[in-house]
Amino acid sequence: MTGVDLAHADGIATMTIENPPVNALAQSVVAELLARLQEAEADPSVAAVVVRGAGSTFVAGADITRLERIARGEAPIAASPILGDVLDAIEQSPKPVVAAIDGYALGGGLELAMACAARVATPSARLGLPELRLGLIPGAGGTQRLPRLVGVERALTMMLSSKELSGGSAPGLIDEVANATELLQRARSLAHAIASGRTPWRRTLQRAELVADVAAAHSALAKAKSGLKTRNVSYPDACLEAVRVGIEQGAARGLVRERELFRELLGSPAARGLIHVFFAERQVAKVPGVTDRASSPRRAEHVGVIGGGTMGSGIATALLAAGVSVSLLEVDAARGEAARERVTQNLQRQVERGRLDESAARKQLSQLTTHTELEALASSQIVIEAASEDPELKKTLFSRLDPLLSPTALLCSNTSTIDIRELAGATQHADRVVGLHFFSPAHVMKLVEVVRTSETSSAAVVDALGLVKRLRKTPVVVTSGPGFLVNRVFSRYSRAAGFLVDHGVDPYRIDDALFAFGMPMGPCRMSDLAGIDVGIAAGAILDAAHPDRSYRSALRKLLAEAGRLGEKTGAGHYRYVAGKAERDPELASFVQRAREAAGNPEPIDVTDEEIVELTLFGVVDEACRALDEGVVLRAGDVDVASILGMGFPAYRGGPMQWAEGLGAAYVRESLASYAQRFGLGLFAPSEGLSRRAETGSVLS
Ligand code: 3H9
């Protein structure tokens, strides 16, 4: 059932909001909420009202599916009644309304609770205003009520970070904390107490004390503004503005400005992009025919990791953080110790950043053992191989491990270049072989490509997904093939950058243009970070697989020959001084030699916008090919993987959503004209992109 139920007992009416799975405030629910409130107000036997959510959660906010339709222009923004008006009616009601909160009170859910006369929550309740994560601001009074309950500085921190508080640690916001079994009763008692005057009734918007000091509020606003790290988006400033208006001109004017800004933002590309990402992230771990059929993942308590280099030790760190014990295999004791040292340093850095306390770090480290014999991994439920990128070595490891492990154990490889089918072929149990392609640094980066072959069993995929989620990472399921997904589609990005350099465009200008677009760094800086040698090796595999769209500038090879392998050697496209990238005048001579190697082509004249198109439209094209080949399931998966794996700006929704906003036909035509202008297959649009341009969408 979806709606709002009203039950009476002992002078208290209880409104129960039901809209599974998270009791989102769909338009019909908003309408029923108002109707039930009016019923309770009209009933003389009711002294006060309690509002709660059905099941184990309060309300996770406005219905984002409706917000998405509005953002896309598919539904009208004005719908009656408006949530903000209903919440005002709750606050103004002649009968006090008390919120009983368990589970999530997020966005419009917390705004509902804040409009109430008081709030009782369980210690584990999750309270937050995460609207900025959707490119919006709270639009039903949150920017006005939260500062009045917790103070301007705390309110700004909560909204700008989208972070949640727990019911047990939210003084000001929560009036009483109660266990789940007592929650309703305690809320009812408080409602009685307020109705009878035993407990003072203070309507939230009338609370002035925490916003009365305008100078202090201004300094909190200035501090919040100076701490903003966002680029190219207006929603954080809009949030600050709504709060500022409410403080300077009063809550009523603040509410009006908040609503105006919310509506403006709902039509913005950033809201469209981020709402798209919200739903894409929820789709990504769903694999039709696998996750909808298979049982739950088996919980692994003990995982083996082969290789303790940067990747292996990063993976081990992530496993330890998730409470999994790790047996790490290295070739000798000295390397085992070096691996332990790397894990220790990873943990230490988290302690220094305040993310982990010393004793938790020690406890995690105590769950790591290092070994030199393969047999030591025999009891592992999952083994993740992160040895060096040598197919023969990996095949030998797989064939030797296969008979050692229990028949239900999973055999995974972190390879970024080797076909998982090849590794599976070295075993007698191809059904349990999966690729788990972590991105570096593995304990930090959120993306893991889960690579399956036609022989990988559903149970193995489900177990791999379970492990990745347990590591608090996001899995994207792909099929095995050169470069898997992210490295494959972004190979077009780095190749196009190489083409531009050879044709007279300064590498630092390319990086600047992509940084301004919103990438965390441009392709040259990225190549330095990943390791120029690593990029050359991966590029060679993709060149062999896709010769029709390869382009190889000599620049990276020349840098590598000079020992400039990127950040790890202190120099690449940039030079690295005390860990910071600096532009290096010496790069010019390498660029000149690369251009000579390319035959000194006529320099081209391109705008920064064209640099972005030339480097990123190929990514969209390659993604269409990967979709058509069945490498990846959905365009949204490409977006999630690109955001988490490459730092593509989430507010643009990922490359596919970005292309959708520009128009599939525009992307296709632009690529076709670049291909013609430069006479290069690298820019030629694929049949898949052309087909999508005809249907008008790269998302479907
Ligand atoms: C807002 O409130 C604006 C207001 O200020 C002003 C309005 C005027 N709506 O994440 P899960 C679906 S903006 C619709 O897998 P979990 C979700 O798509 C909103 N659907 O579960 C999924 O569907 P499916 C501010 C929603 O336990 C299913 O529920 N609120 C909504 O891992 C389960 O979700 C937020 O931004 C929604 N609001 O995490 C909170 N929420 O099964 C957004 C969820 O078909 N929600 N769904 O894939 C969340 O952060 C997480 O869902 C939550 C649960 C933490 C609640």
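The values are calculated or read from the model by the stated rules, or taken from the named source; none is laboratory data. Keep in mind it's a predicted model, so treat the numbers as computed, not measured. No Cβ is skipped: glycine too gets one built from the backbone with ideal geometry, and neighbour counts run over all protein chains shown. With ligands, DNA and RNA removed, areas are computed over all heavy atoms of the protein, side chains included. Shrake-Rupley method; radii C 1.70, N 1.55, O 1.52, S 1.80 Å.
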Item to complete: Using a 10 Å cut-off on Cβ atoms, rank the peptides 332-342, 629-639 from the highest mean neighbour count down.
Response: 629-639, 332-342
Worksheet entry | DSSP-defined beta bridges in segment 302-478 - what % are antiparallel, rounded to 5 | 15 percent
Response to the item:
Sorted list, accessible surface of protein heavy atoms, 1.4 Å probe, largest first, for Y666, Y674 is Y666, Y674
Worksheet item: In the full protein assembly as shown, how much of V98 is accessible to a 1.4 Å probe, in Å² to the nearest 10?
Response: 0 Å²
Fill in: Relative contact order for segment 302-478, counting Cα pairs under 8 Å that sit 6 or more residues apart, in percent
22 percent
Worksheet, complete the sentence: With every protein chain in place, the accessible area of S359 for a 1.4 Å probe, in Å² rounded to the nearest 10, comes to 70 Å²
Discussion item. Shape verdict for segment 302-478, please, from the Cα gyration tensor: rounded (a/c under 1.5), prolate (a/b greater than b/c) or oblate.
Written reply: prolate
Practice prompt. Take the Cα radius of gyration of the chain and divide it by 2.2 N^0.38 Å, with N its residue count; two decimals is plenty.
Written response: 1.06
Worksheet item: What are the DSSP H helices in the chain that stretch 30 Å or more along their long axis, judged by alpha-carbon atoms, and whose average Kyte-Doolittle hydropathy comes to at least -0.5?
Response: 608-628
Item to complete: For segment 179-237 and segment 307-341, write down the distance between their C-alpha centroids in whole Å.
Response: 46 Å
Discussion item. For Cα pairs less than 8 Å apart in space and 6+ apart in sequence, what is the mean separation divided by the residue count of the chain, i.e. the relative contact order in percent?
Written reply: 9 percent
Worksheet item: Among the DSSP beta bridges whose two residues both lie in the chain, what percent are antiparallel, rounded to the nearest 5?
Response: 30 percent
Worksheet item: Among 158-171, 236-249, what's the highest-first ranking by average C-beta atoms within 10 angstrom per residue?
Response: 236-249, 158-171
Worksheet entry | Heavy-atom accessible area per residue - segment 486-695, 1.4 Å, Å² | 39 Å²
Item to complete: Round to the nearest 0.05 the FRET efficiency obtained for T607 and D237 when R0 = 30 Å and r is the Cβ-Cβ distance.
Response: 0.65
Worksheet, complete the sentence: Rounded to the nearest 500, the 222 nm mean residue ellipticity computed for the chain from DSSP H runs (n ≥ 4, each -39500 (n - 2.57)) alone is -15000 deg cm²/dmol
Item to complete: Could you grab the relative contact order for segment 3-267? Cα pairs under 8 Å, six or more apart, rounded to a whole percent.
Response: 18 percent
Worksheet item: Using a ≥ b ≥ c from the Cα gyration tensor of segment 38-103 (square roots of the eigenvalues), is it rounded, prolate or oblate, where a/c under 1.5 gives rounded and otherwise the larger of a/b and b/c decides, a/b for prolate?
Response: oblate
Worksheet item: Considering only protein heavy atoms and a 1.4 Å probe, what is the carbon-and-sulfur percentage of the accessible area of the chain?
Response: 52 percent
